[in-house]
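Single-structure report; data block below.
The values are calculated or read from the model by the stated rules, or taken from the named source; none is laboratory data. On a predicted model such as this, the values are computed, not experimentally measured, just so you know. Positions of Cβ are generated from backbone atoms using ideal geometry, with glycine treated the same way; all protein chains shown enter the neighbour counts. The protein model used for the area step is the full one, side chains on, heavy atoms only, and it has no ligands, DNA or RNA in it. Shrake-Rupley method; radii C 1.70, N 1.55, O 1.52, S 1.80 Å.
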Amino acid sequence: MDARDREKADAAARAVAEVRSGMLVGLGTGTTAAHVVRALGARVRDEGLRVRTVATSLRTERLAIEEGLDLLDFSALASVDIAIDGADEIDPQRRAIKGGGGALFREKVVAASAARMIAVVDSSKLVEKLGRFPLPIEVVPFATTFVRERVRALGVEPVLRPAFTTDQGNVVFDLPFGAIDDPPALAERLRAIPGVLEHGLFLDEIDEVIAGHEFS
Ligand code: 5RP
């Protein structure tokens, strides 16, 4: 484990310590979220913690099954008690860019449904201003060229993520905006483009940020 990974594991463990028996837990996607799934699996095995979970990707679903977690289908649910997920960038107002792993759509639905949403990150993800990380958008394939042109009109050249489709069978564009001055305005503009299923700006969903410490 390198230093950054130790920070991710620390953040994940501290967030998982917040989970109580009886909770329905939303599991994120990515390397930090994988630490969450493993830490939760360990608590279930070692402490007899009783939880049910939903996953934000097929990848996480597989890991949750390996960890022996009780997994439910989110399509039959309206809310979770707690969601724990990573992020690509977070600013001081707990606004984030997510979607580096391409799971932004399911991640946003689960985050929006959560009574409490904890973002777990290593310290490199904490930024003063969002935008250094290219903003992902999930796009329905039928609208690929149309959306590319509409996004170009916002002053950025979209980069189609090569050889990648989401769990919904859609494509992802990464948008290298650089510093984003007005995230809510940008979110509105992206949402207004037909064919954009979801964008990776999480502006209101995150209640708490746990940034990892490195312990040597
Ligand atoms: C996946 C995500 C991830 O949370 C984000 O990319 C961070 O990943 P990692 O924990 O591997 O650094 O949004 O869609």
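Inspection of the range 9-23 finds no residue satisfying the criterion of being under 17 Å from the mean Cα position of the chain (by Cα) and at positive phi. Just so you know, in the range 7-42 the residues that are open to solvent by less than 20 Å² (accessible area, probe 1.4 Å), outside any helix (DSSP H, G or I) and within 14 Å of the ligand (Cβ to nearest atom) include one that is farthest from Ile82 (Cα to Cα), and it is Thr29.
Looking only at residues of the range 44-72 that are more than 23 Å from Val109 (Cβ to Cβ) and surrounded by fewer than 17 Cβ atoms within 10 Å (Cβ to Cβ), we find that the one that is farthest from the ligand (Cβ to nearest atom) is Gly48.
Yes/no matrix, rows are residues, columns are (1) more than 9 Å from the ligand (Cβ to nearest atom); (2) open to solvent by 60 Å² or more (accessible area, probe 1.4 Å):
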position: Ser79; (1), (2): yes, yes
position: Ile82; (1), (2): yes, no
position: Asp85; (1), (2): no, no
position: Val120; (1), (2): no, no
position: Lys125; (1), (2): no, no
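Scanning the range 87-115 for residues that are at positive phi and either open to solvent by 10 Å² or more (accessible area, probe 1.4 Å) or more than 6 Å from the ligand (Cβ to nearest atom) (or both) gives a single hit, Arg94. Against the condition on the phi < 0 side of the Ramachandran plot, within 16 Å of the ligand (Cβ to nearest atom) and β-branched (Val, Ile, Thr), how does Val209 come out, does it pass? Here the answer is yes, as Val209 does meet what is asked.
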